Each structure stands twice: as structure tokens, then as C-alpha cells.
1. I'd like the trypsin sites (Lys or Arg not before Pro) in region 81-132 restricted to DSSP loop residues with at most 14 other Cβ atoms within 10 Å, sorted by number.
2. Using 10 Å bins from zero, what percent of all Cα-Cα pairs in region 67-106 falls into each bin?
3. Return a single number: how many Lys pairs in region 164-212, at a sequence separation of 8 or more or on separate chains, have alpha-carbon atoms below 19 angstrom apart.
Amino acid sequence: MKPKFLFTLLWLMGHYYLYAQKIASEILGKWDVWIPGAVTYVVTNDNRTNMIYQHGAAMNTLTIYNNGKYTWGEYSDNIKIVSPWYAQEGVTYYRISDARKNTYDFWYKKDTDQLIFLAGEVGGHIATGTRLNGKATAPSEIKKPVPTREKPKAVPAAFKTGQEVLVEWSGSWYNAKILDYKDGQYKIHYIGWGSTWDEWVKPSRIKAKDKK
């Protein structure tokens, strides 16, 4: 058997084994992934203690399909089942990546119906996934948009690039900045958070800040 053929055969076997791993039905569907807020305490020069609350931040929507694929924001790939060094007995861990190739592990918390996200290969809790539709679903594949010959009509932008606004997420409003405008949606950046959390939102989730 030629070495090149043997290498190809082993790669195909490993590839097949990876995607033959069973993805639990509980994690299928769409999830809002959110970094929780944090409370810190600062001691002032006059020995007073001040509490500072840092708002949480939205990550991109995660969709997990029953064919082993996922879409996170604009990035798609195959989900992996892993056994990290911090694994607890009886818990299944999954690994995904974002568009910047940052890796994240997560596991399913049954009693709250949530995904618990951990820093990839480190293990610290960094985010929580909440199911969008309230029940487990099993989308079978990534649906590609159907191309059209009609040119979309230009929609005038109500907000300007660089403008600071308020963006609604899960019933609360957060400080953000307009980065771009395309096809009736705005790309926004949550102020105080890295560009990983930037996302495209509809105008209905944006409002102007009150002028002081």
C-alpha cells in the first residue's frame, strides 16, 4: 500500500469518525449567547467602597444543526465533541470557533435549558446561551439564500456611521456605536467590549441617545 494512499485513507476514517459523533438533540436550535455582567468593588482614597457594575454584552446568535454543523454570526463550521482536561464525569463537552478562530467549549445545563460557554482549552465560564424559540428544534441543514435578479431598493440610513446609540438586547438597552449600514441593517459595536461581539441588528433594536 502506497504511503500517500494510506495517509488519505486514515484521514478519511478520522474525518468520518469525527462527524459520526452523536450530537445531543438538546443542544439543537438557535441560541442567544451572552456574556454576563460583573460587579466589582473599588476602595477610594478616603477608604470608601464603591460598587461598579459592568454590563454584559451580546455575542452572535448560534445555530446548531442536526448534521453536526453550526453557524455563529457569519461563520459556519462543524461542531466537535471534546474531552478537555477539566471535564466532569457524565458531562458532554462541545467545541466551536468564531470567525477569528477563537475556540470555545460549552456544555448543556439541563435544569435551566442553557449552554454554558467556557474559554476554549482553559475552562473558565465566559458566557451563557439562552434558547431563542423556547424549545429544542432540529434544523437539518444550513439554508443558503436564493439568489434574485432584482436589485434591492436602497433604504436610507437613520443613523450615521460613528454615531453612538442605544441597542436593545433581551429587553435592556446598551451603549453602542454604529460601524456600518447595509441592506437595511446596522453593524454595531458594544462600547466597552471587544470587536468579537460586534453584530448586525435591525433598526427596531436601535434608538438615539437623549441629547444632554
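1. Sparse-neighbourhood loop trypsin sites (Lys or Arg not before Pro): ARG100, LYS101, LYS110.
2. 29, 50, 21, 1
3. 11
FYI, it's all coordinate maths here, none of it is from the lab. Everything numeric here is computed off the predicted structure, so don't read it as measured data. Every residue, glycine as well, gets a Cβ built from its backbone with ideal geometry; the counts of neighbours run over all protein chains shown.
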